[in-house]
Amino acid sequence: MQAAGIRDSDGLVAARSLQRAVGAIVEPVFLVGGSVRDLLMERSCDDYDFATSRTPDEVEDAVRAAGRRPYLAGKRFGTVGFKVGGHTVEVTTFRAETYVDGSRRPDVRYLDDLGDDLARRDFTINAIALHGDALIDPHGGRADIAARLVRAVGDPWERFAEDPLRLLRAARFASQLTFDVESGTRLGMTGNAHRILSVARERRACELDKLLVGPAAPFALGLLAETGLLRYLVPELLPLAEGVGGALWERTVAAVDAAPAEPAARWAALLRDVAAPYLDPAGTPPEVRAALGAEMADRIGLGLRWSTVRRDAVRASMLGVASPRG
């Protein structure tokens, strides 16, 4: 049988098999979120997320009763992991979470209903669940996948207030999936752009890395500039993005697109002209501009909590020398 008209791909068959194996231990259990999105798009999926109405204690007990070892690092946030069918899976109790002051650890409250769990998710494309042959899609995520749109679930302002990192995740998904962002969601991003400053810098840096290596990184960078997020994420790039004629910004975005899809290489391309607006284009030797750009990039990296290895790699790339750390 086919689930709600989904083409019976190898990925779907494997996901159903895994869900049956998980369901033999914890029931009810639903495949949720990005894994369902990727199955609908026939993208490769190695990370399966499951959700249940059972409490974390009940899930842990069920895993132990099945003779398996539970992984409890995420239990305080509602998630219990275990191995089944050659996969390490995570089962999370239906929940709503709010990130306070950008913390990486949310305040969590548990829910009883799958519908409530899906309603608190970030975007419609991630608010879909699969249970056997039943596709549960109360927010039109499948239609938005077909239309290649990132759309907030419900009111964008509420979703972005719950976790401001979603502002950046919208652009990241657009980059990774080559999607557009729905107009109301764009307006919500613009109106809430300042909230990104409340997010821990490490969380911001992780999303920016994923955005930069996506196939639609140029579009996503333009989205950051358009919505005002760039002003709070990497303000040093504003003179390029807002410069007269935009030639430097266009050159920068083109350089990112041409660079290898690896974070350090893409960051070096993004920051290649970061010093240019502050220098005389005719009277500054190229090596001076490169040195100042590398120094600015190093300071940006410090602000984003990059590792020393990352900072060295970006600096070396911008200076055109071999990285001392490889």
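Bear in mind these aren't lab numbers, they're just calculated from the coordinates by the rules spelled out. Here the structure is a predicted model, which is why all the values come from computation and not from measurement. In this analysis, Cβ positions are derived from the backbone assuming ideal geometry, glycine residues included, and neighbour counts consider all displayed protein chains.
The calculated FRET efficiency for the pair Ala14 and Thr284, based on their C-beta separation and a Förster distance of 56 Å, comes to about 0.50. For segment 149-233, with the dipole built from +1 on Lys and Arg beta-carbon atoms and -1 on Asp and Glu ones, taken about the Cα centre, which of Leu197, Gly184, Gly228 lies farthest toward the positive end? Value: Leu197. Reported value for segment 5-73: 101 Å³ per residue, from the convex hull of its C-alpha atoms. For segment 250-294, the alpha carbon positions stretch 33, 19, 13 Å along the principal axes, listed from largest to smallest. Once R0 is set to 35 Å, what does the formula 1/(1 + (r/R0)^6) return for the Cβ-Cβ distance between Met41 and Ala65, expressed as a FRET efficiency to the nearest 0.05? E(calc), rounded to 0.05, equals 0.45. Averaging 1/r across all pairs of distinct Cα atoms in segment 146-243 and inverting the result yields a Kirkwood radius of 13.2 Å. Per 10 Å bin from zero, what fraction in whole % of the C-alpha pairs of the chain is there, up to the bin with the longest pair? Each 10 Å bin holds this share of Cα pairs: 6, 23, 29, 23, 13, 5, 1, 0.
One chain, two ends: Ser183 and Arg299. Fully extended at 0.36 nm per residue, the span grows by 38.3 nm beyond their Cα-Cα distance. Only alpha carbons enter this Debye calculation for segment 30-130, each as an equal point scatterer, and the log10 of I(q)/I(0) it gives at q = 0.16 Å⁻¹ is -0.72.
Return the percentage of antiparallel bridges among DSSP beta bridges fully within the chain, rounded to the nearest 5 %. The partial results should precede the final answer.
Values: 20 of 26 bridges.
Here the antiparallel bridges make up roughly 75 percent for the chain.
Summarising the label geometry, the points placed 7 Å from Cα in the beta-carbon direction at Ala21 and Asp155 lie 4.3 nm from one another.
Scanning the chain for GluC sites (Glu not before Pro) in DSSP loops with at most 13 neighbouring Cβ atoms within 10 Å leaves 43-241 as the longest stretch between them.
In the calculated pair distance distribution of segment 234-326, what percentage of Cα-Cα distances lie above 23 Å?
Every Cα pair in segment 234-326 considered, those over 23 Å come to 18 percent.
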